[in-house]
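Contents: one structure, followed by commentary.
The values are calculated or read from the model by the stated rules, or taken from the named source; none is laboratory data. Here the structure is a predicted model, which means the values were calculated and not measured. What goes into the accessible areas is simple: the full protein's heavy atoms, side chains included, and nothing from ligands, DNA or RNA. Shrake-Rupley method; radii C 1.70, N 1.55, O 1.52, S 1.80 Å.
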Amino acid sequence: MVEIRLKRTGENVCCTFGELRIPKIKFGCRTLELKDGSDMKCKQSCRLPEGNYIIDMKINQWGFFVPVIKYRVRGFAVKPKFDLLTHHFSNLLNGDIAVGTEYKGQYEITNDDNFRQAFSDACRVAYMENHQDQFVLRVYKQVKDYQMHEDDFFKDLVNQSWDFLDNVDDEEDEDAGQ
């Protein structure tokens, strides 16, 4: 069995940061996912739940060799995928995992053409050397002591919004009492 390990290492108000490793071929990179409940329309699961997923290695529409989750994941309309092209969290779909070399600010990941080719080559090598084996993506349970990468401006904005709403409710209560 060939393991691909996804370990989440931190989050901010909208993103989850992590590390992806393929130990058998000594390959690693960084990941960026949506944070659970960051979908503003409905507070749903936005990232792949912890667990084990059987995967295949396939060539995607851009010609890159990538891991593909074999079976549909409960709670997601479309199978989550590894995204080699997305840089910013706002372009990610629910469940998708953007991969890259480093984080660029609070909400972006760097993934240039050289990295895309290196990721594709690593997946191809893992497949060629182990094509008889089963491939499993292990998404590790989230850790309670996340390193918080808070965006102070956004956090203050949310707190001000809650304060505003609390004051509006108090004013409505006073008006109703008269």
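Here are a few things to note about the model shown:
- When the residues of region 126-144 are filtered to those that are open to solvent by 60 Å² or more (accessible area, probe 1.4 Å) and either part of a helix (DSSP H, G or I) or within 16 Å of residue 19 (Cα to Cα) (or both), the one that is modelled with the lowest pLDDT is 143.
- Residue that is modelled with the lowest pLDDT, among those in region 37-72 that are open to solvent by 50 Å² or more (accessible area, probe 1.4 Å) and of a type in the set (Lys, Arg): 41
So that you can scan it fast, the table gives a plain yes or no per residue for (1) over 11 Å from the mean Cα position of the chain (by Cα); (2) of a type in the set (A, V, I, L, M):
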| residue | (1), (2) |
| --- | --- |
| 78 | yes, yes |
| 96 | no, no |
| 101 | yes, no |
| 121 | yes, no |
| 130 | yes, no |
| 134 | yes, no |
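- Only a single criterion out of (1) within 19 Å of residue 19 (Cα to Cα); (2) at pLDDT below 60; (3) of a type in the set (S, T, N, Q) is not satisfied by residue 101, namely (2).
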